[in-house]
Amino acid sequence: MARSQCPICATPLETRVVAPCYDCGHLPRELDDLDENAHTYDEVELLGSQAVLCDFCQVDFDSYDPAYFGRPRGASVGTGMQFIREIRDPRPGVDAYCPTCQRRLAFLRFLAEARAAALSQQRPPDHGPAELSLDDPKCQPT
């Protein structure tokens, strides 16, 4: 069976036990925090995608460089965060992990979706075929 690859850098992924937070849940200390009920977790929508974030990462999300998510420098990445639901009775899970990006697969998929959403916002709108001028020879009677 072939190992899956990172959607960002194509490195083969490892498997590890993780806490619910997509952002920091891959860190071993976060499993200790989970056991101690040190955080709350919410599913949120931001940057054109959805993620589960702990209370700390929700507050700290705006510290990311917007360019990491394909946004222009100076743009805010956390201010449009919308609450979807609380994660009740959070438990550890198993997720793939990229040793190169040092992120879990759930976050890497979120990152890929956020970058794709940013790219689609940067494209100029499609206005269909260009309008022809009445002075254009194609518009003159034959």
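Pick out the one residue from ALA2, ALA51, ALA38 that is modelled with pLDDT under 95 and not charged (D, E, K, R).
ALA2
Hey, can you tell me all the residues within the stretch 1-55 that are under 20 Å from the mean Cα position of the chain (by Cα), free of Cβ contacts under 8 Å to residues at least 24 places away in the same chain, assigned to a loop (DSSP other than H, G, I, E, B) and farther than 23 Å from ALA117 by Cβ?
Residue satisfying the conditions is LEU27 alone.
Looking at PHE110, PHE83, which is the one that is out of contact with any helix residue (DSSP H, G or I) (no Cβ under 8 Å at 6 or more places or on another chain) and farther than 20 Å from GLU30 by Cβ?
PHE83
Just a yes or no: is a residue in the stretch 60-70 in contact (Cβ under 8 Å) with a residue 24 or more places away in the chain and in a strand (DSSP E or B)?
Among the residues of the stretch 60-70, not one is in contact (Cβ under 8 Å) with a residue 24 or more places away in the chain and in a strand (DSSP E or B), which makes the answer no.
Consider the stretch 39-49. How many of its residues are farther than 12 Å from GLY80 by Cβ and in contact with an Asp or Glu (Cβ under 6 Å, 6 or more places away or on another chain)?
Qualifying residue count for the region: 3.
Please go through the stretch 69-122 and pick out each residue that is among the aromatic types (Phe, Trp, Tyr) and surrounded by 18 or more Cβ atoms within 10 Å (Cβ to Cβ).
PHE69, TYR97, PHE107, PHE110
Restricting to the stretch 56-65, name every residue that is within 15 Å of the chain's Cα centre (by Cα) and either crowded, with 18+ Cβ neighbours inside 10 Å or not charged (D, E, K, R) (or both).
CYS57, GLN58, PHE61, SER63, TYR64
Tell me, which residue of the stretch 15-55 that is surrounded by fewer than 13 Cβ atoms within 10 Å (Cβ to Cβ) and charged (D, E, K, R) is farthest from LEU105 (Cα to Cα)?
GLU36
The values are calculated or read from the model by the stated rules, or taken from the named source; none is laboratory data. The shown structure was predicted, so the numbers you read here are calculated from the model rather than taken from an experiment. Positions of Cβ are generated from backbone atoms using ideal geometry, with glycine treated the same way; all protein chains shown enter the neighbour counts.
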